[in-house]
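What follows is one structure encoded as C-alpha coordinates, with my remarks underneath.
The values are calculated or read from the model by the stated rules, or taken from the named source; none is laboratory data. In this text the structure is predicted, and so the values were computed from the model without any measurement. Backbone-built Cβ (ideal geometry, glycine too); neighbour counts: all protein chains shown. The protein model used for the area step is the full one, side chains on, heavy atoms only, and it has no ligands, DNA or RNA in it. Shrake-Rupley method; radii C 1.70, N 1.55, O 1.52, S 1.80 Å.
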Amino acid sequence: MRIARQLDDVADKKPVFTSPRARVQTAYGPVEAGPYYTRDNDLSVSVTACPSPQ
(Lines give C-alpha, C1' and ligand atoms only; values in the text may rest on other atoms or scores of the structure.)
Protein backbone atom coordinates (compact mmCIF):
# COMPACT_ATOMS: atom_id res chain seq x y z
CA MET A 1 0.00 0.00 0.00
CA ARG A 2 1.46 3.38 -0.91
CA ILE A 3 1.60 5.65 2.14
CA ALA A 4 3.08 8.81 0.65
CA ARG A 5 3.40 10.68 -2.62
CA GLN A 6 5.92 13.09 -4.03
CA LEU A 7 4.84 16.53 -2.78
CA ASP A 8 8.15 18.35 -3.06
CA ASP A 9 10.88 19.11 -5.61
CA VAL A 10 13.33 16.40 -4.53
CA ALA A 11 13.71 13.98 -7.45
CA ASP A 12 15.71 11.25 -5.67
CA LYS A 13 14.79 11.16 -1.98
CA LYS A 14 16.59 7.99 -0.88
CA PRO A 15 20.10 9.50 -0.47
CA VAL A 16 18.74 12.85 0.84
CA PHE A 17 16.24 11.94 3.56
CA THR A 18 17.08 9.66 6.46
CA SER A 19 14.90 8.94 9.47
CA PRO A 20 15.79 7.39 12.82
CA ARG A 21 14.87 3.82 13.59
CA ALA A 22 12.96 2.86 16.74
CA ARG A 23 13.55 -0.22 18.86
CA VAL A 24 10.30 -1.75 20.10
CA GLN A 25 9.61 -4.73 22.36
CA THR A 26 6.91 -7.02 20.93
CA ALA A 27 5.34 -10.26 22.08
CA TYR A 28 7.75 -12.05 19.71
CA GLY A 29 10.88 -10.21 20.87
CA PRO A 30 12.60 -6.91 20.13
CA VAL A 31 12.43 -5.36 16.66
CA GLU A 32 13.79 -2.23 14.98
CA ALA A 33 11.46 -0.30 12.70
CA GLY A 34 11.99 2.74 10.55
CA PRO A 35 10.81 4.53 7.44
CA TYR A 36 12.85 4.81 4.24
CA TYR A 37 12.39 5.80 0.61
CA THR A 38 12.60 3.21 -2.17
CA ARG A 39 14.27 3.74 -5.56
CA ASP A 40 10.84 4.77 -6.88
CA ASN A 41 10.51 7.47 -4.15
CA ASP A 42 7.81 5.51 -2.33
CA LEU A 43 7.82 5.81 1.46
CA SER A 44 8.18 2.39 3.03
CA VAL A 45 8.75 0.91 6.49
CA SER A 46 11.24 -1.81 7.35
CA VAL A 47 10.94 -3.99 10.45
CA THR A 48 13.82 -6.28 11.44
CA ALA A 49 14.26 -8.61 14.39
CA CYS A 50 16.98 -7.67 16.90
CA PRO A 51 19.14 -10.23 18.62
CA SER A 52 17.92 -10.93 22.14
CA PRO A 53 20.36 -10.00 24.93
CA GLN A 54 21.65 -13.08 26.72
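Total residues in the range 3-43 satisfying the condition of being open to solvent by less than 50 Å² (accessible area, probe 1.4 Å), hydrophobic (A, V, I, L, M, F, W, C) and modelled with pLDDT under 85: the figure is 2. If you filter the range 16-54 down to residues that are charged (D, E, K, R) and in a strand (DSSP E or B), you find that the one that is farthest from the chain's Cα centre (by Cα) is Arg23. What pairs can you find where one residue is in the range 10-39 and closer than 22 Å to Cys50 by Cα and among the basic types (Lys, Arg), the other is open to solvent by less than 80 Å² (accessible area, probe 1.4 Å) and in a strand (DSSP E or B), and their Cβ atoms are less than 7 Å apart, with a gap of 6+ or different chains? If the second residue must be open to solvent by less than 80 Å² (accessible area, probe 1.4 Å) and in a strand (DSSP E or B), the pairs left are Arg21/Glu32; Arg21/Ala33; Arg21/Gly34; Arg23/Pro30; Arg23/Glu32.
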